[in-house]
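**Q** Handing you this structure, nothing more for now.
The values are calculated or read from the model by the stated rules, or taken from the named source; none is laboratory data. Values in this document were obtained by computation on a predicted structure and should not be read as measured data. Positions of Cβ are generated from backbone atoms using ideal geometry, with glycine treated the same way; all protein chains shown enter the neighbour counts. Areas reflect the complete protein model, heavy atoms only, side chains present, ligands, DNA and RNA absent. Shrake-Rupley method; radii C 1.70, N 1.55, O 1.52, S 1.80 Å.
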Amino acid sequence: EPIIWSFSFGGVRRFRLRHRRDPHLRLELDLPSGSLLGMAGATQRHYRHDLPKTARAVAARINLTFRAIAAVS
(Lines give C-alpha, C1' and ligand atoms only; values in the text may rest on other atoms or scores of the structure.)
Protein backbone atom coordinates (compact mmCIF):
# COMPACT_ATOMS: atom_id res chain seq x y z
CA GLU A 1 0.00 0.00 0.00
CA PRO A 2 1.93 3.01 -1.27
CA ILE A 3 2.32 6.33 0.50
CA ILE A 4 2.10 9.43 -1.68
CA TRP A 5 2.90 13.07 -0.84
CA SER A 6 1.88 15.68 -3.39
CA PHE A 7 2.90 19.37 -3.29
CA SER A 8 0.98 21.89 -5.42
CA PHE A 9 2.29 25.32 -6.43
CA GLY A 10 0.53 27.95 -8.55
CA GLY A 11 -3.13 28.05 -9.46
CA VAL A 12 -5.85 26.50 -7.31
CA ARG A 13 -7.14 23.15 -8.58
CA ARG A 14 -10.05 20.99 -7.50
CA PHE A 15 -9.08 17.52 -6.17
CA ARG A 16 -11.65 14.72 -6.11
CA LEU A 17 -11.80 11.36 -4.31
CA ARG A 18 -14.57 8.90 -5.24
CA HIS A 19 -15.12 5.51 -3.64
CA ARG A 20 -14.81 2.69 -6.16
CA ARG A 21 -17.94 0.84 -5.00
CA ASP A 22 -20.14 3.47 -3.31
CA PRO A 23 -20.62 6.58 -5.49
CA HIS A 24 -22.12 8.46 -2.53
CA LEU A 25 -18.77 8.40 -0.73
CA ARG A 26 -16.86 11.28 -2.26
CA LEU A 27 -14.75 14.24 -1.27
CA GLU A 28 -13.88 17.35 -3.28
CA LEU A 29 -11.51 20.03 -2.10
CA ASP A 30 -9.50 22.89 -3.55
CA LEU A 31 -5.71 22.59 -3.50
CA PRO A 32 -4.26 26.11 -3.15
CA SER A 33 -0.66 27.02 -3.90
CA GLY A 34 1.67 25.56 -1.28
CA SER A 35 -0.70 22.75 -0.31
CA LEU A 36 0.50 19.31 0.70
CA LEU A 37 -1.74 16.29 0.13
CA GLY A 38 -0.92 12.88 1.58
CA MET A 39 -2.53 9.56 0.75
CA ALA A 40 -1.63 6.38 2.60
CA GLY A 41 -3.01 3.03 3.61
CA ALA A 42 -5.85 1.65 1.55
CA THR A 43 -6.87 5.03 0.09
CA GLN A 44 -5.70 4.24 -3.43
CA ARG A 45 -7.17 0.75 -3.34
CA HIS A 46 -10.65 1.96 -2.30
CA TYR A 47 -10.82 5.42 -3.90
CA ARG A 48 -10.24 6.89 -7.36
CA HIS A 49 -8.61 10.29 -7.36
CA ASP A 50 -8.33 12.95 -10.04
CA LEU A 51 -8.29 16.62 -10.94
CA PRO A 52 -11.56 17.01 -12.86
CA LYS A 53 -11.62 18.88 -16.15
CA THR A 54 -12.96 22.41 -16.07
CA ALA A 55 -14.45 24.59 -18.80
CA ARG A 56 -12.99 27.77 -17.30
CA ALA A 57 -9.40 28.91 -17.64
CA VAL A 58 -7.14 28.04 -14.70
CA ALA A 59 -3.84 29.55 -13.62
CA ALA A 60 -0.61 27.71 -14.33
CA ARG A 61 0.50 25.24 -11.67
CA ILE A 62 3.13 22.65 -10.98
CA ASN A 63 2.74 19.52 -8.90
CA LEU A 64 5.53 17.47 -7.33
CA THR A 65 4.56 13.97 -6.23
CA PHE A 66 6.70 11.68 -4.11
CA ARG A 67 5.91 7.99 -3.76
CA ALA A 68 7.35 5.41 -1.38
CA ILE A 69 7.67 2.45 -3.73
CA ALA A 70 9.76 -0.01 -1.73
CA ALA A 71 10.98 -0.15 1.84
CA VAL A 72 14.65 0.66 2.31
CA SER A 73 16.48 -1.44 4.84
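**Q** Could you put His24, His49 in order of accessible surface area, largest first, with the 1.4 Å probe and the full protein assembly present?
**A** Working: His24 160, His49 80 Å².
Reading off the accessible areas and sorting them downward yields His24, His49.
**Q** Please list, ordered by chain and number, the residues whose modelled amide H lies under 5 Å from the amide H of Ile3; skip anything fewer than 5 residues away on the same chain.
**A** Ala68
**Q** Now for a separate question. Roughly how many percent of the accessible protein surface of the chain is carbon and sulfur, given a 1.4 Å probe and a whole-percent answer?
**A** Details: 3210 of 5620 Å².
C and S atoms contribute 57 percent here.
**Q** If I stretch the segment between Leu37 and Arg67 completely, what's the gain in nm (0.36 nm per residue apart, minus their alpha carbon distance), one decimal? Working shown, then result.
**A** Details: separation 30, 0.36 × 30 = 10.80 nm, distance 1.19 nm.
Here the answer is 9.6 nm.
**Q** Right, something else. Show the residues, 5+ positions off or on another chain, whose built amide H is closer than 5 Å to the amide H of Tyr47.
**A** Arg20
**Q** Another question about this same structure. When ligands, DNA and RNA are left out and all protein chains stay put, how many square angstrom of accessible area per residue does the chain have with a 1.4 Å probe?
**A** Working: 5620 Å² over 73 residues.
Dividing the accessible area of the chain by its residue count gives 77 Å².
**Q** Would you compute, from DSSP H runs of 4+ residues alone, the mean residue ellipticity of the chain at 222 nm, taking -39500 (n - 2.57) per run and dividing by the full residue count, rounded to the nearest 500?
**A** Values: 1 runs with 4 residues, N = 73.
After summing the helix terms and dividing by residue count, I get -1000 deg cm²/dmol.
**Q** Just to be sure I understand the model, the point goes 7 Å from the Cα along the line to the Cβ. What's the resulting Ala57 to Arg21 distance in nm?
**A** In this crude spin-label approximation the distance works out to 4.5 nm.
**Q** Arg13: net charge of surrounding residues, Cβ under 15 Å, Lys/Arg +1, Asp/Glu -1, itself excluded? Intermediate values should be presented prior to the final figure.
**A** Numbers: positive: Arg14, Arg16, Lys53, Arg56, Arg61; negative: Glu28, Asp30, Asp50.
Net local charge, Arg13 excluded: +2.
**Q** Given a 1.4 Å probe and the protein chains all in place, what does the accessible area of Arg45 round to, in Å² to the nearest 10?
**A** Approximately 140 Å² of Arg45 is accessible to the 1.4 Å probe.
**Q** If you compute Rg and Dmax of the Cα atoms in Å for the structure shown, which of (1) 13.7, 47; (2) 18.0, 58; (3) 13.8, 45 do you land on?
**A** Identified label for the calculated read-out: (1).
**Q** Name the residues whose placed amide hydrogens come within less than 5 Å of the amide hydrogen of Arg13, ignoring near sequence neighbours (fewer than 5 apart) on the same chain.
**A** Amide H to amide H, under 5 Å and 5 or more residues apart or across chains, Arg13 pairs with Leu31.
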